[in-house]
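**Q** One structure, pasted below without further comment.
The values are calculated or read from the model by the stated rules, or taken from the named source; none is laboratory data. Predicted model only: the values in this text are computed from it and were never measured. Quick reminder, even Gly has a Cβ in these numbers, built from the backbone with ideal geometry, and neighbours come from all protein chains shown. Ligands, DNA and RNA are stripped out before the accessible areas are found, and what is left, the full protein with its side chains, is counted by its heavy atoms. Shrake-Rupley method; radii C 1.70, N 1.55, O 1.52, S 1.80 Å.
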Amino acid sequence: MKIEWYPGHMAKARRQIIEVMATIDVVIEVIDARLPASSSNPLLAKLRGVKPCIKILNKNDLADPEVTRAWVRHFEEESNVRALPLEAKQRTEVAHIPTLCRGMVSRPGKPWKSLRVMVMGIPNVGKSTLINTLAGKRMARIGDKPAITTCPQQIDLRNGIFLSDTPGLLWPVMSDQRGAYRLATSGAIGDSAIDYADVALFAVAFMMRRYPDLLCARYDLQALPESPTAALEEIGRRRGCLVGGGEINLQRAGEAFLRDLRGGRIGRVSLEEPGEEIVAEAAPEEGNGYAPL
């Protein structure tokens, strides 16, 4: 199955970002710490140009700590970029972002001038949660589904910083389907655009290769199953995803597995590492359309 998801408001959001960008001093790009490359829209990097950028690796509590440290080093090799892993809901972790913004902008003779900061990112990475934490109150709509914010807004933090909140922006054509499957695994793609069993098979195959011990521990597996399909069937059996005749409903099993993975109940997992080339170790199983690893 090919994954494509580009709601109509995103084209409008792109035009609005272009219009506002000229007035912006610092860009905050919120990405998912579990998949920093796949959740970083290349279009956003093009739109911000050389403006100072703080990359917020949100959902840090769900990601593999060692891999996250590698991503921080990777991003900070770029000019004018700082990387900060955090949980957007935690005020103590978010509190020093304004100071970091001011430190990235040189204003000789105008230290009093307000900073204009744009918060950018793809859907469901936590932009609105970050803004609400910075503001100390609910200023932006949040939810556990993508595309909650559909129009930009200006927010005065009353500390000399004005935030521009923008809708989550994906790219119109997802040519990298491996990245698209990672996005779907994380929950950044709308449910209407994915097949739960298909995405879950991709994610199970990844877990079998990269985090087999976590997978076995979560579902009390004595040994790793022979294939992703067999593993998902066993997960479905243990989660009661049965239909007539004792067969496994792979859609329900896939949904249950993805909920566990997205919620961190399997453990701290990173879906990609900096610089890695993710290639297929074997062809997809016959009859399954999931993208190879």
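**Q** Please indicate, with yes or no, whether at least one residue in region 161-177 is farther than 30 Å from L47 by Cα and acidic (D, E).
**A** No, the conditions are met nowhere in region 161-177.
**Q** Of all residues in region 8-39, count the ones that are crowded, with 21+ Cβ neighbours inside 10 Å and polar (S, T, N, Q).
**A** Going through region 8-39 one residue at a time, the tally reaches 2.
**Q** Kindly list, by first and then second residue, each pair from a residue in region 249-270 that is on the phi < 0 side of the Ramachandran plot and open to solvent by less than 20 Å² (accessible area, probe 1.4 Å) to a residue that is among the basic types (K, R) and in a loop (DSSP other than H, G, I, E, B), limited to pairs with Cβ atoms under 6 Å and residues at least 6 apart or on different chains.
**A** Pairs found: A256/R239; S270/R34.
**Q** Report yes if some residue within region 41-55 is of a type in the set (S, T, N, Q) and either touching a helix residue (DSSP H, G or I) at 6+ places or on another chain (Cβ under 6 Å) or assigned to a helix (DSSP H, G or I) (or both); otherwise report no.
**A** no
**Q** Moving on. Please verify whether region 92-112 includes one or more residues that are buried (at least 20 other Cβ atoms within 10 Å of the Cβ) and under 17 Å from the mean Cα position of the chain (by Cα).
**A** Checking region 92-112: not a single residue is buried (at least 20 other Cβ atoms within 10 Å of the Cβ) and under 17 Å from the mean Cα position of the chain (by Cα).
**Q** When you go through A200, A180, A217 one by one, which is the residue that is within 18 Å of R239 (Cα to Cα), of a type in the set (G, A, S) and open to solvent by less than 10 Å² (accessible area, probe 1.4 Å)?
**A** A200
**Q** Consider R73 against the criteria (1) open to solvent by less than 30 Å² (accessible area, probe 1.4 Å); (2) farther than 27 Å from I18 by Cα: it satisfies all of them except one. Which criterion is unmet?
**A** (1)
**Q** A further question follows. Just to be sure, is L271 in contact with a helix residue (DSSP H, G or I) (Cβ under 9 Å, 6 or more places away or on another chain) and either over 29 Å from V125 (Cα atoms) or modelled with pLDDT of 95 or more (or both)?
**A** yes
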